[in-house]
Amino acid sequence: MLRSLARAVATNHRWHHNHATFSSLSHSSRPPKPTPPFKPDPKKSAPNAAAAAALIDEQERRRQLDADDKNPSLDVGSNGRPLFSAAPSFSHLSRNDVCTYFKLTKDALNKVLPEGLPVGMVNEFQDSLRTALLVRQSFLDLRDNFRRVVDPPMWSSNGKGVKVRKQVVLDGPVSCGKSIALAMLVQWAREEGWLVLYVPKGKDWTHGGFFYKHPQTGLWDTPVQAEDVLKDFLKYNESYLKEMPCQIFDPILLGEGAGVGWLKDVDSLAIPEGTNLYELVKTGIEQTHAAIGVVVRLRKELSLVKDRPVLIAVDQYNNWFTFSEYEEPVTIRSCRPIHARELAMVGTLLLVTLNHS
């Protein structure tokens, strides 16, 4: 069940006095010219003044919003209904909560979405000065679809069977809420105990880092991205993975390590029986030569998990159906653009949607 499910969630944050002594032994018969008074540059002062005014306005808005939160009489939305939902979690949202706002906290979001928040969600919070998201009927339909995947209904109210889709692609105009809906689905699934592989920035899989063509597979490996994916996967799922034994014990194909080249006389890594998924993922993180092979194996292992539901959610999924930023030299004067499907990591997840494996 890949993404492109839809819109939503956040990542990690980065954020002399010159003492000069002058001495002069020269003398002048005339007094020095007086220093002209300082005149601020209007071109430079105007942006500074605008930024200061914007900061004051934002502080005032925050103060007013804080005051409004303490006044229950202002919690009124359309048709006299509450503006904010009283549901304790996404699982408890119902049709009565549509067009209301669901309040969140930054700490809770960072905990349940440690891979990072989608850009749309970050912008929403910045513009509204609130960590709250609009509950839409489209999200409830999406959530209920996957709820029925693990708990199929015995019957429907209209006598017709409910069509359950194990794979959903969220489509729509730019900034219509796809990424936010996807992030909300990921949060709901994790609250329900699902094992989730969440890729908030699918474009990163096709841009940047080190890449090379593996001579045995004919595909292009990107070990830097592979290591990042495995690290992100551990952030929320570590406790689950320690309880899940590996079911495939074929040796893992090794490749070229990022910045360290190839291993000598070694082209595969044995996986001993008794290895769990946590140990498998840690191997890919600690051994750069195995990173790509572990990601490919992990996708196969996830398809065999039976103990809990599994969700694979990929944002920016459309980037996997066009050319990557990588190029293959053809002649000394020309290069061939490499399509995303030629990348080993992208290809292994595309198999889930295109071949239903």
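Bear in mind that the values in this text are calculations on the coordinates, not laboratory data. Predicted model only: the values in this text are computed from it and were never measured. Positions of Cβ are backbone-derived with ideal geometry, glycine not excepted, and every protein chain shown enters the neighbour counts.
What is the sum of charges, Lys and Arg at +1 and Asp and Glu at -1, for the other residues whose Cβ falls under 14 Å from the Cβ of residue 303?
+4
Please say if the stretch 257-338 is rounded, prolate or oblate, where rounded means a/c under 1.5 for a ≥ b ≥ c the square roots of the C-alpha gyration tensor eigenvalues, and otherwise the choice is prolate for a/b larger than b/c and oblate otherwise?
The shape class here is oblate.
Quick check on packing: order 261-274, 221-234 by the mean number of other C-beta atoms within 10 Å, highest mean leading.
The peptides rank, most packed first, as 221-234, 261-274.
What length, rounded to one decimal in nm, is gained on full extension from residue 276 through to residue 335, with 0.36 nm per residue of separation minus their alpha-carbon distance?
Stretched fully, the residue 276-residue 335 segment lengthens by 17.0 nm.
So between residue 242 and residue 214, what do we pick up on full extension, going 0.36 nm a residue minus the alpha carbon distance?
Length difference between fully extended and current span is 7.0 nm.
What is the spin-label model distance, in nm, from residue 175 to residue 99 if the labels are put 7 Å beyond Cα along the C-beta direction?
2.3
Under a plain spin-label model, where a point goes 7 Å from the Cα along Cα-to-Cβ, how far apart in nm are residue 165 and residue 92?
That separation, rounded to one decimal, is 3.0 nm.
Grab the other residues whose beta carbon is less than 12 angstrom from that of residue 137, score K and R as +1, D and E as -1, and report the net.
0
Residue by residue through the stretch 247-258, what is 3J(HN,Hα) from phi via Karplus (6.51 cos²θ - 1.76 cosθ + 1.60, θ = phi - 60°)? Round to whole Hz and write x for glycine and proline.
Taking θ as phi minus 60°, the curve returns 10, 10, 10, 5, x, 8, 5, 8, x, 7, x, 5 Hz for the stretch 247-258.
Compare the peptides 110-118, 132-140 by average per-residue count of other Cβ atoms within 10 angstrom and give them in order, highest first.
Ranking, from highest mean packing down: 110-118, 132-140.
For residue 52 and residue 76 in one chain, what is 0.36 nm times their gap in residues minus the Cα-Cα distance, to one decimal in nm?
Net length gain for the segment: 5.4 nm.
Let's test the formula: R0 of 41 Å, r as the Cβ-Cβ distance of residue 110 and residue 266. What FRET efficiency results, to the nearest 0.05?
The calculated FRET efficiency here is 0.55.
Which residues among the stretch 94-113 fall inside the zone where the amide N is under 20 Å from a point 7 Å beyond the Cα of residue 151, along Cα→Cβ?
94-98
Could you tally the net charge around residue 270, taking each other residue with its Cβ under 15 Å from the Cβ of residue 270, Lys/Arg +1 and Asp/Glu -1?
-4
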